[in-house]
Amino acid sequence: MTHARLAGSLALALALLVGCAEQAEPPPARSPAEGQSRAGPQRIVEPRADPLYAGGDFELLPPPQGGSWRTRVREKSQSLREFQADERLRPTELRRTLYLQPLGRYPEAGILAGDLPSLPLIEEGLVTFVFAPPPEELRDFIALFYGLPTEVRDEIDLASLVPGPARVRRHHGQFNAHRMLRALGARLPEDAFSMTALMVRDLYAEEAQEYAFGHAIHEDRVAVASFVQLDPQFIGHARRDDFRLRLRERAYKLVAHEVGHTLGMEHCDEFRCVMNGVADVGELDEAPLHLGPQCLEKFLWLVDVAPAARYAELSEHYQRHGLESSARWARLRARRLR
Ligand SMILES: [Zn+2]
Ligand SMILES: [Zn+2]
C-alpha cells in the first residue's frame, strides 16, 4: 500500500489543532452551551463610527458548528485592556525584528515519510510532496502585515534542534512543538522581537491532538508553523487545480496567526479574523487574511503604522501573488481610510 493510501484514512475531523498562545484554557466568563455562542445571532455588537473599525468591512463569526475550534476549546476572549496591561513583551527600539527560521529542507518540495530518510523512498512512492511558499515571500508579507522589520534566518537542520520526531501518527513522524520551541528560544537573536520556525514536517503540541498547524509561546517569543497539513496531498487527498494559490493563502494565514501570537494576541471569537482559533483546514479557509477589528486595534496600539498605507501595500503584495480576494478587500480598506 502506498504511503498516500495509508495516509488517506486520516480523518481531518479528528484533528484538534492549531497553534495557540501557550496558556491554560480558562473557562469562559459566561458559559455558552455546547453549540451556542456569544457569537450567536442574538448578540448585539456596538456599531463603531470610526471607519478604521467599521463593522461593514468585518464579518461576524457565525455560531460555532460541531467540530469547530470554539466547540472544542473554551477560551476567554482577550480584551484590549488585557492586551495592553500585559507589559511583558513589546517591541522596543533594540528588539523589534520578526525572524523567520526555516527548518530542514524547506522550501524544497519533496519530503517525509515518517522519519525516514527521503531519497530512496521516492521510487517506492513513500514520499509526499508538499508545496509551501518560499520564506522570502513570507518575509515580505509579514513585514507588510505587522509593520516590523522581518528577516529570514539561514536554514538550519531540524536535527540540530531536536533529535527526531517524538511520536508517529498515521505513518508520519511528528515533532513535539514544545521541545522545538524550547530549543528555538535558545537561539533568539539579540534584536529579535520573536522568531517563528517554518517547517515541512508534521507537528503536535498536545498529546490529544492529531496534529498541529503551529504553536506559539508569547512569553518566550517563539513560534513554529508547519505547512504539511495545509496540503491535501500530505494526507493522500487530491489537490485542486488552484492548489498553489490555496496553499499560499493558507500558509500566509498560518504564519500571520503564529507571529500574531508572539506579539501577544490571543484567539478572538467575535469577528472573522486571522487570529480565530481553527480546528482544521476548512476553518482555516473560512478565516480571512486580515485582522478583525479587535485584533487590529490591539496591533495598532502595539505598532505604529499608517493603516491606509499598510492596506495599500498589502493589497499590492496579494495581487502580485495571485491572492485576489484578499487584494480586493485590502484595496477597499485602503480607499476607505484615505
Ligand atoms: Zn492560535
Ligand atoms: Zn481578531
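We did not get these values from a lab; they are worked out from the coordinates using the rules stated. Quick caveat: nothing in here was measured; it's all calculated off a predicted structure. All Cβ positions, glycine included, derive from the backbone under ideal geometry; neighbour counts span all protein chains shown.
General observations
- When 315, 77, 226, 160 are arranged by Cβ crowding within 10 Å, least crowded first, meaning fewest neighbours, the order is 160, 77, 315, 226.
- Taking θ as phi - 60° and the Karplus parameters 6.51, -1.76 and 1.60, the scalar couplings of the range 176-184 work out to 7, 4, 4, 5, 5, 5, 4, 5, 5 Hz in sequence order, x denoting glycine and proline.
- Applied to the range 286-292, the Karplus parametrisation 6.51 cos²θ - 1.76 cosθ + 1.60 on θ = phi - 60° returns per-residue 3J(HN,Hα) values of 6, 6, x, 8, 8, 7, x Hz, with x for Gly and Pro.
- For residue 60, the residues whose modelled amide H falls within less than 5 Å of its own, excluding neighbours fewer than 5 places apart on the same chain, are 272.
- Using the Karplus relation 6.51 cos²θ - 1.76 cosθ + 1.60 with θ = phi - 60°, the per-residue 3J(HN,Hα) values for the range 323-328 come to 8, 5, 5, 5, 5, 5 Hz, with x marking Gly and Pro.
- Once the Cα-Cα distance is subtracted from the 0.36 nm per residue extended length, the residue 85 to residue 136 segment shows a gain of 15.0 nm.
- Only Cα pairs under 8 Å and 6+ residues apart enter the sum, and on that basis the relative contact order of the range 175-273 stands at 27 percent.
- Sorted by Cβ neighbour density within 10 Å, fewest at the top, the residues 234, 131, 243: 243, 131, 234
- Along principal axes, Cα extents of the range 187-338, largest first, whole Å: 46, 41, 31
- Paramagnetic label zone (point 7 Å from Cα along Cα-to-C-beta, residue 338; backbone N under 12 Å) in the range 290-318: 308-309, 312-313
- Each other residue within a Cβ distance under 12 Å of residue 226 adds +1 if Lys or Arg and -1 if Asp or Glu, for a net charge of -1.
- Note that the range 88-261 carries a Kirkwood radius of 16.3 Å, evaluated over its alpha carbons pair by pair.
- Among 69, 301, the ranking by other beta carbons within 10 Å of each residue's beta carbon, starting with the fewest, stands as 301, 69.
- Residue list for the range 188-202, given a label point 7 angstrom along the Cα-to-Cβ vector of residue 157 and an amide N cut-off under 19 Å: 198-202
- DSSP beta bridges in the range 88-261 [antiparallel fraction, %, rounded to 5]: 30
- Using C-alpha pairs under 8 Å with a sequence gap of at least 6, the mean separation divided by the residue count of the range 88-261 gives a relative contact order of 27 percent.
- Segment residue 286-residue 49, length gained on full extension (0.36 nm per residue, minus Cα span): 82.7 nm
- Long-range HN-HN contacts of residue 75 with modeled amide H, under 5 Å: none
- Remark on residue 193: its backbone amide H falls under 5 Å from those of 96, 97, 98, 99, a criterion applied only to residues 5 or more positions apart or on other chains, H modelled at 1.01 Å from N.
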